[in-house]
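The values are calculated or read from the model by the stated rules, or taken from the named source; none is laboratory data. Since the model is a prediction, treat every value here as computed from it, not as a measurement. Because the Cβ atoms are built from the backbone with ideal geometry, glycine has one as well, and the counts that use them run over all protein chains shown.
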Amino acid sequence: MAKQVKTKQRISDHGEVFTAEREVKAMCDLVADECLRIDSRFLEPAVGEGVFLAEILSRKLAVVKSKYKKSAYDYERNAILALTSLYGVDILADNAEICRENLFALWDAEYTAVCKKEANDEARTAARYILQKNIVCGNALSLMCVDENQQDTETPIIFAEWTFPFNDARIKRRDFRLDVLLKENSNKSNYAEEQNLFDDVALNYNNWTFDPITKKLIPKPVNEYPLIHYRRITENG
Ligand SMILES: C[S@@+](CC[C@H](N)C(=O)[O-])C[C@H]1O[C@@H](n2cnc3c(N)ncnc32)[C@H](O)[C@@H]1O
């Protein structure tokens, strides 16, 4: 069984106690169908070493394998899609880094076992890059990034949204501020009825914009990147 406690100091400073495997599986079973949807997004706001995200990734990769194991191309693209759907925040930089490493090791072991000779380092680099963006060292209460002393910085937590809008190898990245996403989401029911989709004044109000991809109102992205082959996503900065 994996260790649940590192030091008493870390428990008292940051409430750091990791969840045991049995509880992780039981809790994931409560949302079992979502764990089987390859692109269903999960955010763990106190991610620790990533036990919940690892369980969800395992379940998603099992689905990818059962559907796409005969084609290395399809398997690789869908395994990358599974990885893009997982997000985490932790206030401790070492935990965030261990989380990234744990998720990468799990992903790479499956990827290498299924794709064998066709497994390649470009895809591995893309997987590491996605984890670097999706697992953030920050304060989930203030929604700001933190420094090495766990103090809030001036930088808000920003998450990348990854999609494959044309269902081919091209990936689209848009960055959103987490505080805006959460605020707009909680306000959405209030504004949704009042908003006229085609009214520019309404669209500019309160950071909303009309999303041509989903055809819905969404908070404005802080950054948008050109479509690019997912193996080359590092080129987008
Ligand atoms: C109880 S542990 C749970 C870790 C993991 N979710 C699990 O179940 O194994 C709490 C984690 O939250 C982190 N943490 C504490 N305060 C936080 C905050 N304000 N923002 C983000 N992470 C925080 C700690 O560093 C620790 O890794």
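Within region 32-50, track down each residue that is among the acidic types (D, E) and away from the ligand (no atom under 16 Å from the Cβ).
Across region 32-50, the qualifying residues are D33, E34, D39.
Return only the number of the condition from (1) under 20 Å from I233 (Cα atoms); (2) aliphatic (A, V, I, L, M); (3) free of Cβ contacts under 8 Å to residues at least 60 places away in the same chain; (4) more than 14 Å from the ligand (Cβ to nearest atom) that L86 does not satisfy.
(4)
Under the condition of being of a type in the set (G, A, S) and closer than 17 Å to A126 by Cβ, which residue from region 64-82 is surrounded by the fewest Cβ atoms within 10 Å (Cβ to Cβ)?
A72
Can you name the condition, by its number, that L92 falls short on among (1) in contact with a Leu (Cβ under 9 Å, 6 or more places away or on another chain); (2) within 11 Å of the ligand (Cβ to nearest atom)?
Evaluating L92 over (1) in contact with a Leu (Cβ under 9 Å, 6 or more places away or on another chain); (2) within 11 Å of the ligand (Cβ to nearest atom) leaves (1) as the failure.
Mind checking which pairs have a first residue in region 14-28 that is at pLDDT 95 or above and a second that is assigned to a helix (DSSP H, G or I) and more than 10 Å from the ligand (Cβ to nearest atom), Cβ under 6 Å, 6 or more apart or different chains?
Pairs found: V24/E55; C28/C35; C28/E55.
Of the numbered conditions (1) part of a strand (DSSP E or B); (2) aromatic (F, W, Y); (3) more than 30 Å from V146 (Cβ to Cβ), Y87 fails exactly one; give the number of that condition.
Condition not satisfied by Y87: (3).
Scan region 39-57 and report the pairs whose first residue is within 18 Å of G15 (Cβ to Cβ) and whose second residue is surrounded by fewer than 23 Cβ atoms within 10 Å (Cβ to Cβ) and of a type in the set (V, I, T), with Cβ atoms within less than 6 Å and a gap of 6+ or a chain change.
E49/I98; V51/T19; V51/V24; F52/V24
Given the residues R124, R100, which is the only one that is among the charged types (D, E, K, R) and surrounded by 19 or more Cβ atoms within 10 Å (Cβ to Cβ)?
None of the others qualify; the one that does is R100.
Could you check region 106-186 for strands (runs of 3 or more DSSP E) lying wholly inside it with 3 or more residues that are out of contact with any Lys or Arg (no Cβ under 6 Å at 6 or more places or on another chain) and within 16 Å of the ligand (Cβ to nearest atom)?
Output list reads 135-139, 144-146, 152-156.
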